[in-house]
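Enquirer: First the structure, then my questions, so here it is.
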Amino acid sequence: MLTAILLAYDAPARPLRRDAVTRSLASLVDACVQGLVADAVLVGAPGSGLSRIADEAGCTLVEASDREEGLAQALDVARQDAAFLLLAGHAIERGFIDEMDDAFAYAEAARAFVLRSAPTSLVTRLAPSFAEPVGLIARKSALRAAGSGDFRKLAKRLRCAELKSSARRTF
């Protein structure tokens, strides 16, 4: 089982909308029902209006001024040994749950995985590994040791295996 950690910070070019956060959380409901996700932590900047969303969704809220600090605090309150990090504004697709069930059944226990954004251009359709990483699945201890809140750096440091499923944008 995983603790889902949804990182809800504004991107440099565009502010994060609350409805995008809600859609990201809603995409995790089936994973909860199927037993893949046990609990959720919503992480965002103080004063971003996420407390109501966290309360209604029944998840823990962590408020921190930057993503790295927020991730560190979220890992501290996560109840499971493994975490699923997801950038708010992205929703997992249906095949993700089955793929993770297979990965947990057949892959080594300490293996980390990267979830990429669904292809949005010809380049990412032809070479999906060029798509932006928007999710990571790894042990909490490995995430703490890897450090950075940047998903590209984390995926590289953790030597993540590529998932075939992807996450679509919700905004």
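Rule-based calculations on the coordinates, nothing more; no lab input. In this text, all values refer to a predicted model and were calculated from it rather than measured experimentally. Here the Cβ positions follow ideal geometry from the backbone for every residue, glycine too, while neighbour counts run over all protein chains shown.
Enquirer: Above 27 angstrom, tally the Cα pairs of the chain and express them as a % of all pairs, no decimals.
Expert: 17
Enquirer: So, with +1 on the Cβ of K and R and -1 on the Cβ of D and E, and no other charges, what is the size of the charge dipole of the chain about its Cα centre, to the nearest 20 debye? Present the calculation step by step, with values, prior to reporting the outcome.
Expert: On the way: 22 positive and 21 negative charges, 115 e Å.
Charge dipole of the chain: 560 debye, to the nearest 20.
Enquirer: Tell me, in nm to one decimal, what length is gained between Ala38 and Arg168 on full extension, where the rule is 0.36 nm per residue of separation less the Cα-Cα distance?
Expert: Values: separation 130, 0.36 × 130 = 46.80 nm, distance 2.22 nm.
Full-extension gain reported as 44.6 nm.
Enquirer: Another one. Given R₀ = 30 Å, what would the calculated FRET efficiency be for Glu68 paired with Arg18, taking r from the Cβ atoms and rounding to 0.05?
Expert: 0.85
Enquirer: Which of the chymotrypsin sites (Phe, Trp or Tyr not before Pro) across the range 104-166 are loop residues per DSSP, with 12 or fewer other Cβ within 10 Å?
Expert: For chymotrypsin sites (Phe, Trp or Tyr not before Pro) across the range 104-166 that sit outside H, G, I, E and B with at most 12 neighbouring Cβ atoms in 10 Å, the list is empty.
Enquirer: Could you tell me the calculated FRET efficiency between Val29 and Phe104, based on Cβ-Cβ distance and R0 = 25 angstrom, to the nearest 0.05?
Expert: With a Förster radius of 25 Å, E is 0.80.
Enquirer: Among the aspartates and glutamates, select those whose C-alpha is under 18 Å from the C-alpha of Lys140, and discard any that sit fewer than 8 residues away in the same chain.
Expert: Result set, ordered by chain and number: Asp39, Glu68, Glu69, Asp76, Asp81, Glu108, Asp150.
Enquirer: Would you list, by chain and number, the lysines whose Cα falls below 19 Å from the Cα of Lys164, excluding same-chain residues fewer than 8 positions away?
Expert: Once the sequence-local lysines are set aside, what remains near Lys164 is Lys156.
Enquirer: Hey, if you put +1 on the Cβ of every Lys and Arg and -1 on every Asp and Glu Cβ in the chain, which of Val123, Ala146, Ala109 ends up farthest toward the positive end of that dipole?
Expert: Working it through, the farthest residue towards the positive pole turns out to be Val123.
Enquirer: Got the relative contact order for the chain handy, in percent, Cα pairs under 8 Å and 6 or more residues apart?
Expert: 26
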